[in-house]
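Q: Quick one: structure below, then a few questions.
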Amino acid sequence: MLAMLLRRLFLGLVTVWIVSMIIFAGVEMLPGDSCTAFLEREAKGKLLENCREAQGLNRPAAERYFDWATSAARGDLGISANGEKSIAELVGDRLGNSLLLAACSLALGVPLAIFLGVVTGLWRDRPVDLAVSTLAIFAMTIPEFVSATVLILVFSVWLGWLPGIVLTSASAPASEFFPEIILPVLVLTMVMTAHILRMVRSSVIEVMAGDYIQMATLKGVPYWRIVFRHALPNALLPAINVVALTIAWLLGGVVVIEVVFNYPGLGRMMIDAISDRDLPVVQAIALIVATVYVCVNLSADILTMFANPRLRTLHMRRG
Amino acid sequence: MTVTSASPQNTRLMRTLSVLRDVVSRPSGAIGLFLVVFHVVLALVSPWIVPYDYKAMNSAMMLTGPEATHWLGTDHLGRDVFTRVLLGGREALLVTGIATPIAVTWGGFVGILFGLIGGRIDEVLMRVVDAFLSLPWILKMLVLIVTFGTGIEVLIPTLAFFYGIPVIRIARAATHDVVARDFVSAARARGHSRMTIIRHELLPNVLDTLMVEGAMRWSWMLLAFSSLSFLGFGVSPPTPDWGLMIADARGFMSFAPWGVLGPVIALSSLIIGINLTADALAKALGIDRAQKAPV
Amino acid sequence: MTGPLIDIRNISVGFTGKSGATLPVLRNIDLKVNAGESIGIVGESGSGKSTLALAAMGYLKRGLRLMDGSVAFQGQDMFARTRTELEQIRGGELALIPQNSGQSLTPTLRIGAQLVEALRLHADVPEAQYSAKAIELLGQVRLPDPAAIMTRFPHELSGGQQQRAAIGMALAGEPTALLLDEPTTGLDVTTQAHILELLRDIARDRGMAMVYVSHDLGAIARVCDRVVVMYAGEVVLEGSTRQVLKTPIHPYARGLLASIPRLSDPRLPVALDGRPPAPGGAGQGCSFVDRCALAQDGCRTSRPDFERLPSGEAVRCFHYQEAHQLSLTGSGAIPASLDGASPSALHLDDLAISYRRPGLYDKVLGRDSAGVPTVDGIEITVAKGETLGLVGESGSGKSTILKAIAGLLPPSGGKITVAGGQALAPEVEHRSPDHLRKIQLIFQNPDDSLNPRQTIAQILEQPLKLYFGLTGDALHQRSAEILDRVRLGAHYLDRLPSQLSGGEKQRVAIARAFAAEPDLVLCDEVTSALDVSVQAAVLDLLNDLKATQGTTYVFVSHDLAVVRALSDRVAVLYQGRLCELGPSADVYAMPSHPYTEVLLGAVLEPDPDTAPTLSADDVVELSPPAQGCPFQRRCPRKIGRICDTDTPPWQQGVKDHTIKCHHSIADLAAAQAEGAAGQRA
């Protein structure tokens, strides 16, 4: 058991390491570097040379990678291109904001998705299923910037109920983001719920059609007890992985939402940094997001293992 | 004794037709297929049916509402919105239409290959794939776009590359499933070469999964493409594109919503169409798909 | 309570087909089960027997509906009851034991929890005593260490243990009637015999009624008082077990019995050609008319009524009085066999196979194999034209050996030689084209061994192209010829496997193997996935091909009677080691290796006058012992320490019959004769 956990942890670390190399290589590809960004129009000739020398940008790539990687592992993500703030500080704020957005969306979306998924699975092909499934298809297929735009149009422009844009500064505490955060959360929840609910629905349908549910029925177990005690613990197992993927997506993949609503999260920072060629920042954010992704997946794997008796005993026996 | 044997081509044709019939017989399939065909046809013929030149700016008529001469009004530069909506899908469909088959082909090929090889190499590859998938999509694409530019000669390979990676996992899983079946062991026991086994036993059974996956890839690629255009990293103005149009018209939404609604309906209907078709196709082929968040 | 416990009157059940027509699954079924009575429902796939059993509980699968008739339990209509009433009865007074408990027990709940649930719902026991009562129930179904089993999950139990747990769960509600849906399918021979004894004892001790659904006539003979035979959704014959199994008066029943291979009869069973009609395909007349030897014109136009006879039997046939003309046994061919010495076609030389390759740890520690091999010490010679049967239960390694001969699983020790003394390369990828062609393998499950996306023509073309380079017309011609040899018409060439029945698919698999014109054909449980009557047809075909082609067979099966029917010589395997080897007649008679004795004793013949002998427990062993006799842990004739430490020697019997045991053959013969006499007394 312990051996398996350690093995997973090790693999996770290996993945993060591979990611860091990919990030570094990717960023190396971008034209320009910290110096060209810092010096902007004056980035040429002797000035550029000196800057590069001072920053140590003339050293071979492997050496620079090693430096960066080891510092990052210690938690020191370096200084942003314009040499002012420490990246850790800058990113810290944004990370917090992204986490806030993610947390609110998850808190709203996951329970809703599971509830709707179970309902549509149990009442398959009835009106409630048709209605919800149709809405889900719409929510899933319409691009987020479209639904965001439409929601802003409706709730902010026409009805005037909610603000359509976030004006709070990046370093502000969480409470100041309300009520501006409501619309972005709604959009994210819509998309996330649609995906998760479809998956839960098909899982519920599959489980309810299975042999052991038929057996429970023929054993005289009342319907709702079958659903809660026999069906759901099995049907919801795959949901763990989907939720993990969703968490990862919420932290790094919602750039569009952040742009539409002007929300000061990691995604926007990343795009701005790329445009400004603020490469240390780009590297730092990519590494953080990837690490979170790996951690979340690892947790999901472990959780699934505990929840699924077949896997649990398999690993316990193997040791 | 005369024997008519079904040639492979006949069987494939018959099967394609029967699958098509099955798809159309379902309401989701019928609607979806109609929408997709409609948009493809529109993209092909629109340059000949549009009333205006999409570039033509008219400073006298900026942000005017829908009327007889401009069915969907004009945008902030006085251009006819209706024209731009009709043309807005061309670039998107061109890019994604080329990139999707490339993505599915290369991803499928690598996935099948490594599904067959197995062992250490396969495990290492999967680590690398996982590592790749852990990065935010926007970052991955922007690195290439910012380095090489936003022309379609960059967008197509970029999209094809990044959207092929998840296909590797799916092709690999499907390969594992098929390889475990007895008919593959039987072919191996007969002494068929690896290539023969791949061609005759494996591929016909894996292709179904890849086809459905391909349809879904296409819809996600369209989403990504329009998002990129929306953010300003895709199509360059003045080329009409729905994503770009929505970005531009957003600022004037409060008093000129038609500039947004037109492209919104167009883009949504196409993506919904593809999704419905993919759904019906999966059911027709008997494939069970687990829904995941788009990567 | 007067009147039958379960009263099924004239029920018809059907579903709506694709075209909108109603297709019947059950037609006009009458069935009465009295308290304390055991009734067997016999039928093959498609007969509707499972649907009938579930209908007795007022349950129909999704898509089916009751079109006519009524089902009453204890006098009350089951289809008219409220859901709460049904929940009370099911699992309580009327309990079900399912076919595959591994899939019918909820995987996320422990056995104890599922038992307690049954108790809570149906038993009259105070809450504090649930655990104790559950443990008691597990003890009553003869599970070892019930307290430990309570904490296990279903997948941690063996098939037999799962089935016993399911029986325990059913008993929790103190039922007056038990419904059993093929409860021993998929279980080992010895396990099956033990579970049936358990069921017999339970039914007798508690005075329960039993409705036992099965295709296995041997099991039904053991457990039931009365038998009902179903065909294509109808009951065609009803009577006491003795009447139905010894003197059946319906042509189908007679055909069915004739197609079962028997241990006592070395001849091949007689096949029943054709297949049952699909739901709705029976037409106006008798559903059996297409396959009936007594059929006349009248049988096609009108459907016979279900007639009750004074003897207590009931039959649905116009010509039942002539049914006794149809032979029950013995008119099958005697299997083709050799005369005189023949050259060796296959020699397994001290073969050992291990599933686990040495891992990193083992290499570091200097071990060159990962523990005890799965299969070890196999030394067998098969003469040309001979059929060697390999028998054993799960874990015996018989399929593993076949895979090694086929080259799919390289042995970890020993070698394999073929005719002419040539060594066979361990991996199929390294074999010469000649060897590849001459050795062919046929798999158990034709659903899996035929590529679902290829037509039959394409499937047959593969070996023809590969081994003979045939193309074009020659190819088509040959394909049709091969199909003809397995008694399938050329019109099958254009079809896909999904359009064929199980028996037809297996024949295609056989055709594919014989297309290569092999010298050696390896059969891996090729009849196990087929219906009984279809099985006989396949055996007949295999025998035919052997007679005309002179092929050598290695025939693997867990079904001893099937192996007896086809084999010249038999090898008995236990935990991957040889126990006994010799001509079939000798292996199947006394003296035997103690394990063979246990196996033969556990076989259930479709004869109510026979009873199995259960001499060993049905403990499932996970791996062979590191030294000594492989049977040491279960042997009823164990001598002592020597069995644990020393490998038993080969004892020579008559001709080339050998038994691997520490007892001498004389001792075994004496002990086994004594045992047999004791039984008769």
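Q: Here is a list: C:Pro304, C:Pro269, C:Pro276, C:Pro248. Which entry is in a loop (DSSP other than H, G, I, E, B) and touching a Cys at 6+ places or on another chain (Cβ under 8 Å)?
A: C:Pro304
Q: Evaluate the following for B:Thr96: is it within 14 Å of another protein chain (Cβ to nearest Cβ), over 30 Å from B:Ala180 (Cβ atoms) and buried (at least 22 other Cβ atoms within 10 Å of the Cβ)?
A: Judged against the criteria, B:Thr96 is a match.
Q: Just to be sure, is C:Asp448 without any contact (Cβ under 8 Å) to a residue 12 or more places away in the chain, facing chain B (nearest Cβ under 8 Å) and not hydrophobic (A, V, I, L, M, F, W, C)?
A: In short, yes.
Q: Suppose the filter is among the hydrophobic types (A, V, I, L, M, F, W, C), out of contact with any Lys or Arg (no Cβ under 8 Å at 6 or more places or on another chain), part of a helix (DSSP H, G or I) and surrounded by fewer than 17 Cβ atoms within 10 Å (Cβ to Cβ); does C:Ala165 pass it?
A: no
Q: Further question on the same structure: Can you confirm whether A:Ala248 is of a type outside the set (Ser, Thr, Tyr) and either surrounded by fewer than 21 Cβ atoms within 10 Å (Cβ to Cβ) or more than 18 Å from the chain's Cα centre (by Cα) (or both)?
A: So A:Ala248 does not fit the description; no.
Q: Can we say B:Pro66 is touching a residue at least 40 places away in the same chain (Cβ under 8 Å), farther than 18 Å from B:Asp241 by Cβ and not in a helix (DSSP H, G or I)?
A: Yes: the conditions hold for B:Pro66.
Q: Can you pull out the residues in the stretch C:410-436 that are surrounded by 20 or more Cβ atoms within 10 Å (Cβ to Cβ) and within 9 Å of chain B (Cβ to nearest Cβ)?
A: C:Val428, C:Leu436
Okay, residues lined up against (1) at positive phi; (2) of a type in the set (Val, Ile, Thr); (3) in contact with an Asp or Glu (Cβ under 9 Å, 6 or more places away or on another chain); (4) modelled with pLDDT of 85 or more:
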residue: C:Val315; (1), (2), (3), (4): no, yes, yes, yes
residue: C:Gln325; (1), (2), (3), (4): no, no, no, no
residue: C:Thr329; (1), (2), (3), (4): no, yes, yes, no
residue: C:Gly340; (1), (2), (3), (4): yes, no, no, no
residue: C:Ser344; (1), (2), (3), (4): no, no, no, no
residue: C:Arg357; (1), (2), (3), (4): no, no, no, no
residue: C:Ser369; (1), (2), (3), (4): no, no, yes, no
residue: C:Glu386; (1), (2), (3), (4): no, no, yes, yes
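Q: State the number of residues belonging to the stretch C:518-535 that are of a type in the set (Val, Ile, Thr) and in contact with a Phe, Trp or Tyr (Cβ under 7 Å, 6 or more places away or on another chain).
A: So the answer is 1.
Q: On to the next question. Quickly run through the stretch C:79-115 and pick out the residues that are of a type in the set (A, V, I, L, M) and within 12 Å of chain A (Cβ to nearest Cβ).
A: Answer for the stretch C:79-115, where residues must be of a type in the set (A, V, I, L, M) and within 12 Å of chain A (Cβ to nearest Cβ): C:Leu86, C:Ile89, C:Leu94, C:Ala95, C:Leu96, C:Ile97, C:Leu105, C:Leu109, C:Ile111, C:Ala113, C:Leu115.
Q: What's the number of the condition C:Met208 fails, among (1) in the same structural domain as C:Arg316 (by TED's automatic domain parsing); (2) modelled with pLDDT under 90; (3) over 30 Å from C:Phe288 (Cβ atoms)?
A: (2)
Q: Continuing with the same structure: Scanning for something farther than 23 Å from C:Val562 by Cα, among the charged types (D, E, K, R) and over 20 Å from the mean Cα position of the chain (by Cα), does the stretch C:244-265 turn up at least one residue?
A: Scanning the stretch C:244-265, I find no residue that is farther than 23 Å from C:Val562 by Cα, among the charged types (D, E, K, R) and over 20 Å from the mean Cα position of the chain (by Cα), so the answer is no.
Q: Looking at the stretch C:46-133, what helices (runs of 4 or more DSSP H) fall wholly within it and have at least 1 residues that are within 28 Å of C:Phe153 (Cβ to Cβ), without any contact (Cβ under 8 Å) to a residue 40 or more places away in the chain and not aromatic (Phe, Trp, Tyr)?
A: Because the criterion is at least 1 residues that are within 28 Å of C:Phe153 (Cβ to Cβ), without any contact (Cβ under 8 Å) to a residue 40 or more places away in the chain and not aromatic (Phe, Trp, Tyr), the helices (runs of 4 or more DSSP H) in the stretch C:46-133 that meet it are C:83-89, C:101-104, C:111-122.
Q: What helices (runs of 4 or more DSSP H), lying completely within the stretch A:160-256, carry at least 1 residues that are β-branched (Val, Ile, Thr), away from chain B (no Cβ under 14 Å) and on the phi < 0 side of the Ramachandran plot?
A: It comes to A:182-208, A:211-218.
Q: Also, quick follow-up: Which one is surrounded by the most Cβ atoms within 10 Å (Cβ to Cβ), of the residues in the stretch B:175-217 that are more than 23 Å from C:Leu409 (Cα to Cα) and polar (S, T, N, Q)?
A: Among those residues, the one meeting the criterion is B:Thr209.
Q: Follow-up question, since we're still on this one. Any idea which of C:Leu668, C:Leu604 is among the hydrophobic types (A, V, I, L, M, F, W, C), outside any loop (DSSP other than H, G, I, E, B) and surrounded by 20 or more Cβ atoms within 10 Å (Cβ to Cβ)?
A: Matching residue, one of C:Leu668, C:Leu604: C:Leu668.
Q: Oh, and also: Under the condition of being touching a helix residue (DSSP H, G or I) at 6+ places or on another chain (Cβ under 6 Å), within 11 Å of another protein chain (Cβ to nearest Cβ) and in a loop (DSSP other than H, G, I, E, B), which residue from the stretch B:220-256 is surrounded by the most Cβ atoms within 10 Å (Cβ to Cβ)?
A: B:Met253
The values are calculated or read from the model by the stated rules, or taken from the named source; none is laboratory data. A quick note: this is a predicted structure, and the numbers were derived from the prediction, not measured. Ideal geometry is used to build each Cβ from the backbone, glycine not excepted, and the neighbour counts take in all protein chains shown.
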